[in-house]
Amino acid sequence: MRTGHTAHQMAVCSFLSKPMSYDQCVIRMKKQILLGTTNQAKINHFRAYLAALPIEILSPGDLGIATDVEEDGKTPEENAEIK
C-alpha cells in the first residue's frame, strides 16, 4: 500500500459511501478521456483500441459541447491548441 497521500487525495475518496483505502478508491474510480475531436471514425478507433481497459472515451458531443473549429494549424498539436 502506498503512503504519503495528500489531504486532497484522501478527500476525493471520502465521498464514497463505503469506507476504503485510497488505493481501493483509485481502483474503483472511473477513468475518462476526453478526445479533442468530433471525427466519429477517430472516436470509434480509440474506443475499440482501448475497449479492454477500464476507460471511458468521451467526445465533445458526449458532453454537449458544440464545436465548430477551423483546424488550420500545420500540425495535429497546433490544431489541438486551437481547440
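For residues in region 63-83 being touching a helix residue (DSSP H, G or I) at 6+ places or on another chain (Cβ under 9 Å) and modelled with pLDDT of 85 or more, which is surrounded by the most Cβ atoms within 10 Å (Cβ to Cβ)?
Applying the filter and picking the extreme gives 73.
In region 48-83, which residue that is in contact with a Gly (Cβ under 6 Å, 6 or more places away or on another chain) and not aliphatic (A, V, I, L, M) is nearest to residue 32 (Cα to Cα)?
83
The values are calculated or read from the model by the stated rules, or taken from the named source; none is laboratory data. Note that this is a predicted model, so its numbers are computed, not measured. Backbone-built Cβ (ideal geometry, glycine too); neighbour counts: all protein chains shown.
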